[in-house]
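Asker: Could you have a look at this structure, given as structure tokens, before my questions?
The values are calculated or read from the model by the stated rules, or taken from the named source; none is laboratory data. Since the structure is predicted, the reported quantities are computational estimates derived from the model, not experimental observations. Cβ placement follows ideal geometry from the backbone for every residue including glycine, while neighbour counts extend to all protein chains displayed. To get the accessible areas, we keep the full protein, side chains included, count just its heavy atoms, and leave off ligands, DNA and RNA. Shrake-Rupley method; radii C 1.70, N 1.55, O 1.52, S 1.80 Å.
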Amino acid sequence: MGAIISIFAEKPSIARALVKAFSIVYKLKFKSRKGKTRYNYVFESTISNHAIRFKIEKDEYRLRKDDQLLISSVTGHILNYDYPPPFDKDTNWHNSDPLNMIELVPIEIPIQKNMVSHIEEIGTASDVIVIATDWDGHGESIGRQILEIAARSNKKIRHGRMHFTSTNPNSLKKAFETQTDLNWDWIKQVDSLRKQDLRMGSSITRFLTVGIQNQGIKNRMISYGPCQTSVLWLITNRFLENSNFTPTKFWKVSVKIATLEGPLFLDWKENPVKEEAIVDSLITKLKKVAEGIITEYNEESASIKRPLPLDTDTLESECAQFFRISPKQVADIAERLYNNGYITYPRTESSFYLEKDLTSLAEKFTSHDEFGLVAKECIALEGVLNPSKGRFTKDHEPIKPVKAATQSEIKKSFKKTPALANQAWNIYSYIVWRFLATIHSEATVVNQYIILNAAQEEFIAKGRKIIDLGFLKFYKFRSLKGKELPRFEKGSTHLIEAFKHQGFTTPPPLWSESQLIREMARLNLGTDATRSTHIETVQKRMYTISQGPRRMLVPTALGMALYQIFTQNSEDLILPEIRGKVESWTMQIREHEKTPEDVDKLVIELTTRGLQRMKANHEEIFSTLVQSIELMTGIGKILGQCPDCQGNLILHQGKRDSRFLKCSNPLCEVSLPLPKKGELTAIYNENCRICNGTPLLISTKSYTWIMCPICWTRKAEEDRPWFCTDCNRTDCPFSGSWEVPSPEQHLGNCPECGGDVLLKFDQQNTQVICSKCNRTWKAPNLRKGTAITLSDPCEKCGRQTLSVIKRGKKPYRICVFCSLFFFQE
């Protein structure tokens, strides 16, 4: 039997890409069989009639007839760091002191035992193991884990390392034939950082979680992660700056002069000023002189630089901004585009093309219906020989397309997740346009600058004349601001009209997800591969939420509580600068400036100091956390009356985040289950027409609905109304069969004539009209999925308000007389 060469990819999709590539370039036929795990198949091929040569470092190898080539995969890390019992995650947390965990030496344990068996089985039979994991620090660490597990049962096994940034056949062929060794400096750095994350995260997580559980909050974990809490600090700190901002007045002065093209405004050089008296004095002087003289008119040629080759942070931040999705979704879609061979590896910090000539790549797009004309221009302009240049790093090449694809091809590759298909095409086309912009020509403009002197003060206008749009002709992701100004002769005089403008300073804007990616990169917080994950994690843990189409980030009550706890007790454990320092310590391992033991000592001191401060103030910390959780989840809130004894129905939380209403009467056993997700609000101004209970409004990010918890639990018939929209009662405004009430309803006295103001419904229209003077007021119209009822009096005028509940929207009350909105808390 011949030799066996086994290749391990980091994920199943890359293993399939390797099989496809080797089938093309080496004409191999593969058979597949199931491995020890569900998704990690083994693909086998026997060399039949030709030799395949490859190198590992300086050693040459040759696959001859009857040799076997095996391709399989893992699924990310095989081993994870944890502590030995009783400090491991599966042991009762109440039995260990978190302070004692900090100095322990972590051990590696299997994440899936089947995966270890999968590698051992293949490793035992193999002569050479080839590591084909991602070309980054974590990929190197996963490769080390694969090699160590395989070597347990085969001490003589040799290994090689494939380096590739694209899954196209030629790239994989080259990577296989020119292998190197694992990068052990990268491995030491990544493994040290993983240990420090465990050391800091597990001890503080256990301290906080056990504390709230002792206070009665069961089945909830307060998770601490060094990177995630630094992201929380950025979001909350900006939210507080925005909320606590006090606007201040400022004033500006401008003058208007007449030109043949229309009026031109020039701004005072000292704008803005905080003292109105200064502005008033200048306005008076300007009115006296009534004219000004042009003292300077300059035109200067300039170029608008092409965008730099694409790195990960730019990809995630710009696509999140342009396409209104989260950076993590961008990263996941880009990963799939890479796995399917459409783009190069999407995790890189480099913005410098290594190729000196990009003609061959541009030629792939010349016949494309959408990109073809621009690709031909790039070649004709010779931008392929002189692309834009950014930062050079040693990891990966910039992100760029690998092959030309149509929208239908992209959609076909996403057929299992059709909801992502359109966004996948958007991201792919963005990457192609970005690549073409880097090899096209720069835009050429003439910048104009005018200075007018009036009353011994200078007024300035700036303009821009476009000579050649260059790459901006097609690159819609960047706009060119500025308009062309008319020419002026130096020394010419013009009649002027002075204007005074008042404004207010604005608060710093909340962070959007796309802006936060850039800020994290600036602070060196996380890596290009993990920044989007950290932003998603703080939302999954309910520390922050994103709001609106721009996905602006704000802290929740729990996030605010954690921010206050850490900033008041142990700021070193939450500040982004400190997290950046820990990452820089581990990076110094890669540069041989520190040893892993040096980093261990520094992090142990940092974590011990912070946790000791928190333990000294543990009572206040746990009380603050419990209050924030109750406020955020509504635990303990009264949501109606018991149908049996008229006691209060109080919201409780059970195992695995289940929720239920329980009667406050200790002798009563009424318990009503509720949906797990959604914010709960009692609607006290209406009763269920079936059981007379209090309806509940359930609100999620994308939908709202109403239900009666008593009917939901007790009406056990098959046709029971699960939710109010399923109910067939015609006399309830929340029912799906509600008939618009015909009787007129009284809202109050008319503010003009004192007559009765009536609420009327005419089919789908709502009318508020005075019965005496016929004056009308605007009111929300009645539509399908909308309920409008009379509600509490207006706090301002005392007349009845309208309660408006729309499916999928937040409920509110409105006073049609005062045009005041009252949003339901």
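Asker: Take the alpha carbon atoms of region 599-646, find their center, do the same for region 387-438, and report the distance between the two centers in whole angstrom.
Answerer: 44 Å
Asker: Then there's this: Of F164, V128, A175, which is farthest along the charge dipole of region 123-183 in the positive direction, counting Lys and Arg as +1 and Asp and Glu as -1 at C-beta?
Answerer: Farthest towards the positive end: V128.
Asker: Now a separate question. Using DSSP to define loop residues, name the GluC sites (Glu not before Pro) in region 80-150 whose beta-carbon has at most 15 other beta-carbon atoms within 10 Å.
Answerer: Counting only loop positions with at most 15 other Cβ atoms within 10 Å, the GluC sites (Glu not before Pro) in region 80-150 are E103.
Asker: How long are the semi-axes of the ellipsoid equivalent to region 274-323, from square roots of 5 times the Cα gyration tensor eigenvalues, in whole Å, largest first?
Answerer: 47, 22, 8
Asker: Accessible surface of S301 in the full protein assembly, 1.4 angstrom probe, to the nearest 10 Å²?
Answerer: Result for S301: roughly 100 Å² accessible.
Asker: Still on this structure, I have one more. Magnitude of the Cβ-charge dipole of the chain, K/R +1 and D/E -1, about the Cα centre, nearest 20 debye? Working shown, then result.
Answerer: Details: 113 positive and 95 negative charges, 414 e Å.
Charge dipole of the chain: 1980 debye, to the nearest 20.
Asker: From the backbone phi of region 452-458, what are the Karplus-calculated ³J(HN,Hα) couplings (6.51 cos²θ - 1.76 cosθ + 1.60, θ = phi - 60°) in whole Hz, Gly and Pro given as x?
Answerer: Computed from phi, the couplings for region 452-458 are 10, 9, 9, 6, 6, 10, 9 Hz.
Asker: Could you work out how far the C-alpha centroid of region 110-166 sits from that of region 282-331, in angstrom?
Answerer: If you average the Cα positions of each part, the centres end up 50 Å apart.
Asker: If DNA, RNA and ligands are ignored and the probe is 1.4 Å, what is the ranking of F488, F250, F22 by accessible area, most exposed first?
Answerer: Descending order: F250, F488, F22.
Asker: DSSP loop trypsin sites (Lys or Arg not before Pro) in region 136-174 with at most 12 other Cβ atoms within 10 Å of their Cβ, which ones?
Answerer: K155, K156
Asker: So, one more: Please get the size of the charge dipole for region 473-514, origin at its Cα centre, with Cβ charges of +1 on Lys and Arg and -1 on Asp and Glu, quoted in debye to the nearest 20.
Answerer: With only Lys, Arg, Asp and Glu charged at Cβ, the dipole is about 260 debye.
Asker: What is the antiparallel percent of DSSP beta bridges lying wholly in region 26-180, to the nearest 5?
Answerer: 75 percent
Asker: Let's see if you can work this out: charge +1 on each Lys and Arg Cβ, -1 on each Asp and Glu Cβ, no other charges. What is the dipole magnitude of region 566-629 about its Cα centre, in debye to the nearest 20?
Answerer: The calculated dipole for region 566-629 is roughly 100 debye.
Asker: Using +1 at the Cβ of each Lys and Arg and -1 at the Cβ of each Asp and Glu in the chain, identify which of I102, S23, T776 lies farthest towards the dipole's positive end.
Answerer: It is S23, whose Cα lies furthest towards the positive end.
Asker: Sort out for me the Cα centre separation of region 181-198 from region 56-81, rounded to whole Å.
Answerer: 22 Å
Asker: Hey, how much of the P(r) for the chain falls beyond 50 Å, as a percent of Cα pairs?
Answerer: Counting pairs separated by more than 50 Å, the tail of P(r) holds 38 percent.
Asker: Would you report the distance distribution of C-alpha pairs in region 166-205 as whole percents per 10 angstrom bin, up to the bin with the largest distance?
Answerer: Answer for region 166-205: a P(r) of 24, 24, 25, 17, 9 percent.
Asker: A follow-up question, please. For region 563-571, what does the Karplus curve 6.51 cos²θ - 1.76 cosθ + 1.60, with θ = phi - 60°, yield as ³J(HN,Hα) per residue in whole Hz, taken in order and with x for Gly and Pro?
Answerer: Result, ordered by residue: 4, 5, 4, 6, 5, 8, 10, 8, 5 Hz.
Asker: Turning to a different aspect of this structure: For region 311-358, which GluC sites (Glu not before Pro) are both in a DSSP coil and crowded by at most 14 other Cβ atoms within 10 Å?
Answerer: Listed in order of number, the matching sites are E355.
Asker: In µm²/s, what is D for region 6-54 at 20 °C and 1.002 mPa s, where D = kT/(6 pi eta Rh) by Stokes-Einstein and Rh is the Kirkwood radius from Cα pairs?
Answerer: D = 183 µm²/s.
Asker: Let me ask another. Assuming a ≥ b ≥ c are the square roots of the Cα gyration tensor eigenvalues, decide whether region 5-132 counts as rounded (a/c under 1.5), prolate (otherwise, with a/b larger than b/c) or oblate.
Answerer: It is prolate, given that a/c is not under 1.5 and a/b is the larger ratio.
Asker: From the P(r) of region 390-473, could you give the percentage of C-alpha pairs in the tail past 14 Å? Show your work: numbers first, answer last.
Answerer: Values: 2656 of 3486 pairs.
Distances greater than 14 Å cover 76 percent of the Cα pairs.
Asker: Here is a further query. Sort R434, R478 by heavy-atom solvent-accessible area, probe 1.4 angstrom, most to least.
Answerer: Order by accessible area, largest first: R478, R434.
Asker: Something else now. Percent of accessible area on the chain owned by carbon and sulfur, 1.4 Å probe?
Answerer: Carbon and sulfur: 49 percent of the exposed surface of the chain.
Asker: Using square roots of five times the C-alpha gyration tensor eigenvalues, list the equivalent-ellipsoid semi-axes of region 467-625 in whole Å, biggest first.
Answerer: Over the Cα atoms of region 467-625, the ellipsoid semi-axes are 47, 25, 18 Å.
Asker: Give me the one-decimal nm value for the distance between modelled label points at E605 and N114, 7 Å along each residue's Cα-to-Cβ direction.
Answerer: Once both label points are built, they end up 4.7 nm from each other.
Asker: Would you calculate the volume per residue, in Å³, of the smallest convex hull containing every Cα atom of region 327-375?
Answerer: Expressed per residue, the convex hull around the Cα atoms of region 327-375 is 120 Å³.
Asker: On to the next question. Can you give the Rg to Rh ratio for region 643-700, taking only C-alpha atoms and Rh from Kirkwood?
Answerer: 0.97
Asker: Say the dipole of region 1-88 comes from +1 at the beta carbon of Lys and Arg and -1 at that of Asp and Glu; which of P85, T75, S48 then lies farthest toward its positive end?
Answerer: S48
Asker: Summing Lys, Arg as +1 and Asp, Glu as -1, what charge do residues with Cβ under 9 Å from the Cβ of C770 carry, C770 excluded? It would help to have the intermediate numbers written out before the result.
Answerer: Values: positive: K772, R775; negative: E752, D756.
With Lys, Arg at +1 and Asp, Glu at -1, the net is 0.
Asker: When each pair of different Cα atoms in region 227-366 is counted once in the 1/r mean, what is the Kirkwood radius in angstroms, to one decimal? Walk me through the numbers before you get to the answer.
Answerer: On the way: mean 1/r = 0.0455 Å⁻¹.
Roughly 22.0 Å, rounded to one decimal.
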